[in-house]
Amino acid sequence: MTSKPPRIVELVGVAGAGKTTLAKALSQSSKRIIHGHHPYFRKVEHIPFFAWNTLLMMPTFIHLYASYGIKCLTSREVAWMVILHGWHHVLRRQASNDGSIIVMDQGPVSIMAELSVIDPKCLQSQAAKKWWENTIKGWIDALDLLIWLDASDPTLIKRVRTRDQWHLIKDQQDREALDFNTSYRSTYNSLLSALTADGRGPQVIEINTGRESLDTVMDKVLVALEIKKLDSSIPQ
């Protein structure tokens, strides 16, 4: 487990846990904290990232397509895999260059969880095993801190159904929504275990946002980020 000050941080948790709310609040609390976002293929400035990392991923894609056909992955899944392959290099350079703390609410663990839960057959196959191992290894070395946010299922479901942002469980029955949350929790647990298995991966902090106020959660996270509360004034 790392003993250096955290620089690359991800907030993980099922829908409604408060990831985006906390990430925005943290980025407003200190000039050192940046709300990080993954590369987006529709942005012109990110085209070189996708072009280069897609090229590097071609042996993996050819291997999977040869085994399962060209339709085994959607364009979204291909983009997620490319992001997972190269994004950690971008984050490390950014944090190293300006000394910032990058906090993500849709980071690599969230992306890996989505790829696992949607369960494309080719990514659960023996052919993809090496890719998963390399991906986990890359992010073990990149992530410094994971903050696992959670709350009771009734609280989570109510939050998702009453916010403007669309989510799959908005249209689901309670039983389906509960199954969805259970599946994601199990996947997060497996991923966090893999990322911390050898003792040199990211630190993990668990926080129940249904029991603690945003201010209390903020205090805990700022301590973990080694930022003194007196230094965390909101920029005007």
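Being of a type outside the set (Phe, Trp, Tyr), outside any helix (DSSP H, G or I), under 21 Å from Gly201 (Cβ atoms) and touching a residue at least 60 places away in the same chain (Cβ under 8 Å) narrows it down to one residue among Ile102, Ile111; which is it? Full working, then the answer.
Numbers: Ile111 fails: outside any helix (DSSP H, G or I).
One residue alone meets the criteria, Ile102.
Glu114 is checked against (1) crowded, with 21+ Cβ neighbours inside 10 Å; (2) under 11 Å from the mean Cα position of the chain (by Cα); (3) of a type outside the set (Phe, Trp, Tyr) and fails just one. What number does that condition carry?
Unmet condition: (1).
Within segment 61-68, is there a residue that is at pLDDT 95 or above and either among the acidic types (Asp, Glu) or surrounded by 19 or more Cβ atoms within 10 Å (Cβ to Cβ) (or both)?
no
How do the pairs read when you match residues in segment 124-140 that are more than 19 Å from Cys72 (Cβ to Cβ) and touching a residue at least 24 places away in the same chain (Cβ under 8 Å) with residues anywhere that are part of a helix (DSSP H, G or I) and of a type outside the set (Gly, Ala, Ser), using Cβ under 7 Å and keeping only pairs 6 or more apart or on different chains?
Ile136/Leu195; Gly138/His88; Trp139/His88; Trp139/Pro108; Trp139/Leu195; Ile140/Leu195
Among the residues of segment 195-219, count how many are part of a helix (DSSP H, G or I), out of contact with any Phe, Trp or Tyr (no Cβ under 9 Å at 6 or more places or on another chain) and either among the basic types (Lys, Arg) or under 12 Å from Leu146 (Cβ atoms) (or both).
Narrowing segment 195-219 to residues part of a helix (DSSP H, G or I): 195-196, 214-219.
This time we only want the ones that are out of contact with any Phe, Trp or Tyr (no Cβ under 9 Å at 6 or more places or on another chain), so: 196, 214-219.
Still in the running and either among the basic types (Lys, Arg) or under 12 Å from Leu146 (Cβ atoms) (or both): 196.
The total comes to 1.
The values are calculated or read from the model by the stated rules, or taken from the named source; none is laboratory data. Source: prediction; values computed, not measured. Virtual Cβ from ideal backbone geometry, glycine too; neighbours counted across all protein chains shown.
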